[in-house]
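The values are calculated or read from the model by the stated rules, or taken from the named source; none is laboratory data. Worth saying up front: this structure is predicted, and the values here are computed from it rather than measured. Neighbour counts are summed over all protein chains in view; Cβ atoms, including those assigned to glycine, are modelled from backbone coordinates with ideal geometry.
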Amino acid sequence: MYQFFKNIFLTKGFNRTLVYDSLTSKIHFFPNDLYDQLLLNNFRIDKKNNEVFEFLNKKGLLQKISDDLVDCFIDLDDEIQIPYDIATLVFELSGSSSKNLYKLKNQNILQYNFIFADYTSLKSIELFVDFINECESDTIELTFLNGFVYSKHLFELIKSVKKIILLNNFAGIKIDDPSTHKNRYLNSWNDIHFRLSINFINYLESLKHHTYFNKKVFINKDCEIKNSQETKEIYGNLNNDNSFDIAKVFKNPTFKKLWSIKKEDTLVCQDCEFRRLCVDNRLPIKIKNNWVHEEECNYNPYISKWSHEDGFKSLKELDIITKNGYLEMNKEKLSLITNELWEG
Amino acid sequence: MIYKIKLPIIIKKIQSTEIKEKSFHEIESNSLQTKKHLAREIYPRQSFFPEKK
């Protein structure tokens with residue numbers, strides 16, 4: 001008898017099932033019909049079923065197991081506790097905000113993402129370097145936006161920093177890095193990379209939380225404290241107090257309102273096979289008992305196509321609409337379109 | 001239990017697109033000291049999206 005390795009997780013979508021191998025960080029797909037059949041058999045496979053066995057075994061998903069031992073491999077607990085008040089603090093580095101960086105020193109923060117743009121001054125870069133040299137985080141993420149002109153100065157100042165430094169270069173600026181440390185990583189980005197994060201932490205966290213808004217704090221160039229760049233509500237200003245206490249911010253009952261909105265509770269997303277690996281910055285809106293997004297995703301789970309792929313059609317083009325908190329679609333028409341897209 | 005499943009051709013094609021983490025994190029190497037993917041090893045995900053103009 002064979003069964004799936006316990007590091008293999010399945011997410012059933014509208015057209016297909018996503019298979020996530022958390023050890024190799026690979027994803028595979030198989031038909032929903034196969035998922036249903038496997039479910040009936042408690043996800044155990046008899047080798048005599050050659051077609052299914054060969055298909056799954058070739059992908060390295062199966063382990064051989066004797067009848068005596070089959071109950072000895074328990075399912076992994078797919079919940080995660082992040083032992084930090086803030087998982088990511090996103091900080092727009094301006095002259096004004098940088099003067100308040102010292103107030104963050106004693107906070108329980110896992111990692112930072114500093115935004116460099118036209119509001120970032122030379123003085124603020126110096127204050128930033130002082131801060132990262134003293135803060136406890138092992139990883140610092142730097143994001144460059146249009147208008148940032150001091151990259152040469154920045155890299156000169158951080159050349160001896162030994163922390164892991166992640167770079168998001170959205171401004172397309174030339175990076176001249178004199179450091180010889182191999183601790184710098186440039187995140188390439190594209191439409192898919194933006195929306196998906198294929199790693200185990202993300203997979204676990206998405207079970208009960210929104211992986212973009214959960215445990216995030218955003219401080220803008222004017223020192224205003226928000227949950228994220230996309231949210232409107234302001235929960236204080238770093239300039240106003242001599243110290244910063246995140247516990248005070250969290251006491252506000254609405255600050256965490258988006259943290260626990262799961263993709264399972266969101267129309268369209270709940271039909272998507274990528275829902276446990278997705279990072280989505282669109283603001284969810286509640287209509288009756290369901291959450292929806294006003295803006296469409298760049299992946300359409302009903303035809304299994306990304307927006308950059310041939311044959312992509314938007315939900316609107318397919319007459320898939322959310323009305324009064326429910327999803328309406330013509331499944332027969334959709335089936336015809338999907339057949340046409342994927343045949344031949 | 002022994003069962004036989006016919007995988008429809010259409011679904012075989014849909015399932016055929018495999019995506020690996022590596023392809024998302026290929027690093028362009030210029031003056032940066034870089035190595036393959038990995039990078040976001042502590043809390044790995046996109047935490048900031050530039051505003052659409």
Notebook entry, point to check: In the range A:134-151, how many are more than 11 Å from chain B (Cβ to nearest Cβ), under 15 Å from A:Ile109 (Cα atoms) and surrounded by fewer than 16 Cβ atoms within 10 Å (Cβ to Cβ)?
Noted result: 2
Next item on the list: Within the range A:133-176, track down each residue that is within 17 Å of A:Phe116 (Cα to Cα), hydroxyl-bearing (Ser, Thr, Tyr) and over 26 Å from the mean Cα position of the chain (by Cα).
Entry: A:Tyr150, A:Ser151
Margin query: Conditions first: (1) of a type outside the set (Lys, Arg); (2) within 13 Å of chain B (Cβ to nearest Cβ); (3) free of Cβ contacts under 8 Å to residues at least 40 places away in the same chain; (4) over 30 Å from A:Asn133 (Cβ atoms). A:Leu69 passes all but one, so which condition is the exception?
Written below: (2)
Notebook entry, point to check: Is it true that some residue in the range A:313-329 is aliphatic (A, V, I, L, M) and within 29 Å of A:Asp21 (Cα to Cα)?
Noted result: no
Next item on the list: Mind counting the residues in the range A:312-338 that are modelled with pLDDT under 90 and touching a helix residue (DSSP H, G or I) at 6+ places or on another chain (Cβ under 9 Å)?
Entry: 0
Note to self: Looking at the range A:157-172 only, could you name the residues that are farther than 15 Å from A:Lys182 by Cα and out of contact with any helix residue (DSSP H, G or I) (no Cβ under 8 Å at 6 or more places or on another chain)?
What the structure shows: A:Asn168, A:Asn169, A:Phe170, A:Ala171, A:Gly172
Item checked: Residues satisfying the stated conditions in the range A:70-87, i.e. surrounded by 10 or more Cβ atoms within 10 Å (Cβ to Cβ), among the aliphatic types (A, V, I, L, M) and in a loop (DSSP other than H, G, I, E, B) -> A:Val70, A:Leu76, A:Ile80, A:Ile82
Notebook entry, point to check: Out of all the residues in the range A:33-48, which are within 9 Å of chain B (Cβ to nearest Cβ) and farther than 11 Å from A:Tyr2 by Cα?
Noted result: A:Asp33, A:Leu34, A:Gln37, A:Leu40, A:Asn41
Margin query: Please determine whether any residue of the range A:217-235 is more than 10 Å from every other protein chain (Cβ to nearest Cβ), in contact (Cβ under 8 Å) with a residue 40 or more places away in the chain and polar (S, T, N, Q).
Written below: yes
Check: Give me the pairs: first residue in the range A:158-175 and more than 9 Å from chain B (Cβ to nearest Cβ), second residue surrounded by fewer than 17 Cβ atoms within 10 Å (Cβ to Cβ) and of a type in the set (Asp, Glu), beta-carbon distance under 9 Å, and six or more apart or on different chains, which are they?
Finding: A:Lys163/A:Asp138
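Mind listing whichever residues of the range A:7-32 are at the interface with chain B (Cβ under 7 Å from one of its Cβ atoms) and within 15 Å of A:Leu56 (Cβ to Cβ)?
A:Arg16, A:Lys26, A:Ile27, A:His28, A:Phe29, A:Phe30, A:Pro31
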Notebook entry, point to check: Looking at A:Ser335, is it within 26 Å of A:Glu264 (Cβ to Cβ) and touching a residue at least 60 places away in the same chain (Cβ under 8 Å)?
Noted result: no
Note to self: Condition (residue is within 14 Å of another protein chain (Cβ to nearest Cβ), more than 29 Å from A:Asn227 (Cβ to Cβ) and either in a strand (DSSP E or B) or free of Cβ contacts under 8 Å to residues at least 12 places away in the same chain (or both)) applied to the range A:312-328: is it met by at least one residue?
What the structure shows: no
